[in-house]
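The structure appears below as structure tokens.
Bear in mind these aren't lab numbers, they're just calculated from the coordinates by the rules spelled out. From a predicted model like this one, the values you see are computed outputs, not experimental measurements. Backbone-built Cβ (ideal geometry, glycine too); neighbour counts: all protein chains shown.
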Amino acid sequence: MAGRMKRVFHAASVHGIHEAPVEPESEEKDRMRENRCISLKVATLLCSFFVLVCLPALSFSAGALSSPPEGKQENPYAKAEITIQIIPSTNNTFGYDILLYRRPLVHQPNIPGLPGNEGFTTKDRAQTVADFVVKKIRNNQMPPTVTMEDLNNMGVLK
């Protein structure tokens, strides 16, 4: 390769054009540098396009589909599949389980808010309180607490 040299002309002198020998390897390096430069420009353009066009479109469509209007928060339990199971408890009493999409959400084997392990004296009383708790869940009142006043108003403690 040393025998094959190309001549490149430079206009660097006042007296005229000078010849400078250029090796083929440096010509290949120049081509590689130029290709890298072009690749970098293409990558920059693609990234700019993605950032300026695609990202705003994605965030707009995701936000439009998933978030409710400002000030209003969507209730995740309003149309949820909620089921009640009346369960046996200690001393022939009853409690309840509340399932959300067939998975346990509330396990209440005893009367809420009262000390002890005993549940309600009848299945109907356990069902009444469980229905009350489901109503609270459907209204997104989380956690769905039951107070002594609530129990007295439902008449389940007599």
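Structure data summary
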{"item": "Tally of residues being touching a residue at least 24 places away in the same chain (Cβ under 8 Å), assigned to a loop (DSSP other than H, G, I, E, B) and under 25 Å from N92 (Cβ atoms) across the stretch 115-154", "result": "5"}
{"item": "Residue list for the stretch 101-142, restricted to those being buried (at least 19 other Cβ atoms within 10 Å of the Cβ) and of a type in the set (G, A, S)", "result": "G119, A126, A130"}
{"item": "Any hit, the stretch 81-100, residues being of a type in the set (D, E, K, R), surrounded by 12 or more Cβ atoms within 10 Å (Cβ to Cβ) and more than 12 Å from M154 (Cβ to Cβ)", "result": "yes"}
